[in-house]
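Read through the structure below, which is laid out as structure tokens, and then see the notes.
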Amino acid sequence: MTLLREAIGESLRRARVAQSRTLREVSTSARVSLGYLSEVERGRKEASSELLAAICQALDVPLAQVLFDVSSSMADADKATALAADKATAGVGAGKVPAKAGLAKVTPRGGDGDVALAADGTFGPRIVIPAPKSDRLVLVAAK
């Protein structure tokens, strides 16, 4: 699991390196100590919102862009983790789910449709009940 401070540091470092700037240049421009900026980039320190704004201004990168980059990279990491969990449980087939597998959508070995995970840890067929069409809805007043 990626920590927020690590993802922010990676994003700031990518922006700085893309501009071919040194830590010293950015730290001077942002009025942040060189060591502290290094710690932020390595994900060792939690930067305050004021500090992040100063670093982003020094890099001439909008804070919103950094936060969007961080959000995207963390979402991608979450997807990769979920995919790995799905692959780990895909070979389980019908029966009990291993305790460490957690909840996951699994396709049975035959590949015929989806199965759902019941509360007791067994698999069963997923039942889908379509929502009624809006032209057939009847509203009843409560008494």
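Points worth noting:
- Flag for Leu137 being at pLDDT below 55, out of contact with any Gly (no Cβ under 6 Å at 6 or more places or on another chain) and open to solvent by 80 Å² or more (accessible area, probe 1.4 Å): yes
- Cβ-Cβ distances below 7 Å connect the following pairs, each with a first residue in region 6-20 that is modelled with pLDDT of 95 or more, a second residue that is open to solvent by 90 Å² or more (accessible area, probe 1.4 Å), and a separation of six or more residues or different chains: Gly9/Arg42.
- Test set (1) over 15 Å from the mean Cα position of the chain (by Cα); (2) open to solvent by less than 50 Å² (accessible area, probe 1.4 Å) - Glu50 fails condition number: (2)
- Count of residues meeting criterion [surrounded by 15 or more Cβ atoms within 10 Å (Cβ to Cβ) and aliphatic (A, V, I, L, M)] in region 1-47: 11
- Restricting Asp69, Asp78 to those that are of a type outside the set (A, V, I, L, M, F, W, C) and in contact with a helix residue (DSSP H, G or I) (Cβ under 7 Å, 6 or more places away or on another chain) reduces the list to Asp69.
The values are calculated or read from the model by the stated rules, or taken from the named source; none is laboratory data. This one's a predicted model, so the numbers in the text were calculated from it and none came from an experiment. Note that we place each Cβ from the backbone using ideal geometry, even for glycine, and neighbour counts take in every protein chain shown. All accessible areas refer to the heavy atoms of the entire protein, side chains included, with ligands and DNA or RNA removed. Shrake-Rupley method; radii C 1.70, N 1.55, O 1.52, S 1.80 Å.
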